[in-house]
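In what follows, a structure is listed as structure tokens, so that the remarks can point back to it.
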Amino acid sequence: MAPFEPAALPELLPVFYRRLFPHGPYGRWLSYGGVKNYFQLREFSFTLRDDVYLRFQSFSSPQELERELQKINPYKIDIGAVYSHRPNQHNTVHLGAFQPQEKELVFDIDMTDYDDVRSCCSSADICSKCWTLMTIAVRIIDRALVEDLGVRHRLWVYSGRRGVHCWVCDDAVRKWSPALRAAAVEYLSLVKGGADTVKKVNLSHPVHPFIRHSVNVVEKYFEEYALRGQDILGSPEKWDKVLALIPEDILPCQGRAKDSVQRWELLRARLERTRGRPAAQGPCYADWEVMLQFCFPRLDINVSKGLNHLLKSPFSVHPKTGRVSVPLDLQRLDQFDPFAVPTITSLCQELDTANSDGEQEDGGATEPKRRTRDYKKTSLAPYVRVFEQFVEGMESARRGERIRRSDLQGDF
């Protein structure tokens, strides 16, 4: 893959917004079937060159947004709430009257929040070893959203650098109050406490089904990620960090265990034996607590509960890595490789190669048709298809609901 140079963005972004950005499905997504004034009341914000920041941008149609993107070529796009008045006219509205009304329920999961439980990387750096944490997070949160909270339309997106975002787009959920959003995040949170807190997961009996489901997910990845990849019991220092989470009366001796896998087996065997014994405080789930502290998703409640909080748009280009913020295919989540996500540099090179091969064929094509084909010539195509399938799923559900309501009215 061609190396990305941030200095090249002024040349590459006009090509990206003109020929690669999926304006069609993007506009259909945020229009939500033509709900009155929904698109027009939506806030967009743009980060331009030299960190010039434009908030409260709004547009009368997806076509107007498309023209603006191609005119100013933003380095970053953020999406905000649907407001009571058009955001670009907020200065003309009486103080206090301009208020956010609706927004998708969003989650922002950032790898930097796991720095206390990963040894391979820190800060903004990621690798294939610690990326497993994002896979676990998506698996746990997505299952709970569907099976526990009853939502349907979830768009999971790679941030372009070190994390993932989720957009929950159900009609009812977009109307949730900040209190409801905070309650949902609280339900989905287990790891509590800051840097000074040693034990951040505390389970009590009986264990909630959500926690049992989460442990089942973590168990599938724990040996490969934590025991082999992070080697969490591989040295006395690491061993002590784990033992600090275990009750003293259960601590096993290391015996002849030679690596993290064997030490963990000793520890779990000791805990399994004690779990069956009657105890005043109930069974001990220290092994589950360790697994969850090292692997459970870490959510930022403020991102999710605030209606006026902005979140980076899908298909925005990350200005530091050049990678496109692409939707995740949950059917192939375990195969997702953030380092294989195309950069704006590689996409533009793919376009150049495809055009030099097929210039004669495109001679008579109109601009919209040519642009539709352009992204299909590049490695962005499968990600756009995932996005289109998501939008089509929402549109199909909307049609089904209209038919259902029509049938109900006909019954009377």
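The values are calculated or read from the model by the stated rules, or taken from the named source; none is laboratory data. In this text the structure is predicted, and so the values were computed from the model without any measurement. Cβ atoms come from the backbone with ideal geometry, glycine included; neighbour counts cover every protein chain shown. Each accessible area value is taken on the protein alone, full model and side chains, heavy atoms only, with ligands, DNA and RNA left out. Shrake-Rupley method; radii C 1.70, N 1.55, O 1.52, S 1.80 Å.
Extending 7 Å from Cα along the Cβ direction at Tyr38 and again at Asp407 yields two label points whose distance is 2.2 nm.
Give, as ranges by residue number, the residues of the range 284-327 whose backbone N falls under 17 Å from the point 7 Å along Cα→Cβ of Ala182. Hits in the range 284-327 for Ala182 at 17 Å: 299-309. Taking θ as phi - 60° and the Karplus parameters 6.51, -1.76 and 1.60, the scalar couplings of the range 79-92 work out to 10, x, 7, 8, 9, 6, 9, 4, x, 6, 10, 4, 6, 8 Hz in sequence order, x denoting glycine and proline. Calculated translational diffusion coefficient of the range 179-254 (20 °C, 1.002 mPa s; Stokes-Einstein with Kirkwood radius over alpha-carbon pairs) equals 144 µm²/s.
Once you have a ≥ b ≥ c as the square roots of the Cα gyration tensor eigenvalues for the chain, tell me rounded if a/c is under 1.5, and otherwise prolate or oblate according to whether a/b is larger than b/c. It would help to have the intermediate numbers written out before the result.
On the way: a/c = 2.15, a/b = 1.57, b/c = 1.37.
Cα axes put the chain in the prolate bin.
On full extension, the segment bounded by Val198 and Glu248 gains 16.5 nm, given 0.36 nm per residue less the C-alpha separation.
Sequence-distant contacts, meaning Cα pairs under 8 Å at least 6 residues apart, place the relative contact order of the chain at 22 percent.
Helical runs assigned H by DSSP (4 residues or longer) give the chain a calculated mean residue ellipticity at 222 nm of -12500 deg cm²/dmol, each run adding -39500 (n - 2.57) before division by the residue total.
What FRET efficiency, computed as 1/(1 + (r/R0)^6) with R0 = 56 Å and r the Cβ-Cβ distance, is obtained for Ser122 and Glu395, rounded to the nearest 0.05? Write out the running numbers ahead of the final one.
Values: r = 43 Å, r/R0 = 0.76.
It comes out at approximately 0.85.
Kirkwood radius, the range 1-142, all distinct C-alpha pairs, inverse of mean reciprocal distance: 18.0 Å.
Hey, with R₀ at 41 Å, roughly what FRET efficiency would Glu237 and Arg143 work out to, going by the Cβ-Cβ distance, to 0.05? Before the final figure, lay out each step's value.
Numbers: r = 34 Å, r/R0 = 0.84.
FRET efficiency, Glu237 to Arg143: 0.75.
Applying both filters, DSSP loop and at most 15 other Cβ atoms within 10 Å, to the trypsin sites (Lys or Arg not before Pro) of the range 304-354 gives Lys320. For the range 172-307, the spread of Cα coordinates along the three principal axes comes to 58, 35, 29 Å, biggest extent given first.
Of the accessible area of the chain, with the probe set at 1.4 angstrom, what percent is carbon plus sulfur? Show your work: numbers first, answer last.
Numbers: 9640 of 19920 Å².
Carbon and sulfur atoms account for 48 percent of the accessible area of the chain.
For the range 98-185, the percent of C-alpha pairs falling in each 5 Å distance bin, counted from 0 to the bin holding the largest distance, reads 3, 13, 23, 20, 15, 13, 9, 4, 1, 0. The three principal axes of the Cα atoms in the range 88-137 give end-to-end lengths of 52, 19, 18 Å, sorted in falling order. With the chain treated as a Gaussian network of Cα nodes joined by springs under 10 Å, which of Gln57, Gln293, Gln331 yields the largest mean-square fluctuation? Result: Gln331 has the largest fluctuation of those listed. Straight-line reach from Lys199: taking Cα to Cα under 17 Å and skipping same-chain neighbours fewer than 8 places apart, the aspartates and glutamates in range are Asp113, Asp115, Asp116, Glu237, Asp240, Glu248, Asp249, Asp287, Glu289.
For Lys76, a cut-off of 19 angstrom between C-alpha atoms picks up these lysines, skipping any fewer than 8 places away in its own chain: Lys312, Lys320. Quick check: Cα centre of the range 196-258 to Cα centre of the range 274-339, how many Å? Using only Cα atoms, the two centres lie 17 Å from each other. For the range 141-265, the relative contact order works out to 15 percent when only alpha carbon pairs closer than 8 Å and six or more residues apart are counted.
Potential lengthening of the chain between Arg373 and Asn91 amounts to 97.4 nm, from the contour at 0.36 nm per residue minus the alpha-carbon distance. Using a probe of 1.4 angstrom and keeping all protein chains present, the accessible surface of the range 1-157 works out to 44 square angstrom per residue. For the range 283-354, relative contact order (Cα pairs under 8 Å, six or more residues apart, normalised by length) works out to 20 percent. For Ala81, the residues 5 or more places off, or on other chains, whose built amide H falls under 5 Å of its own are Glu43. Of the residues Pro209, Pro319, Pro283, the one that moves most in a GNM of the chain with alpha-carbon contacts below 10 Å is Pro209.
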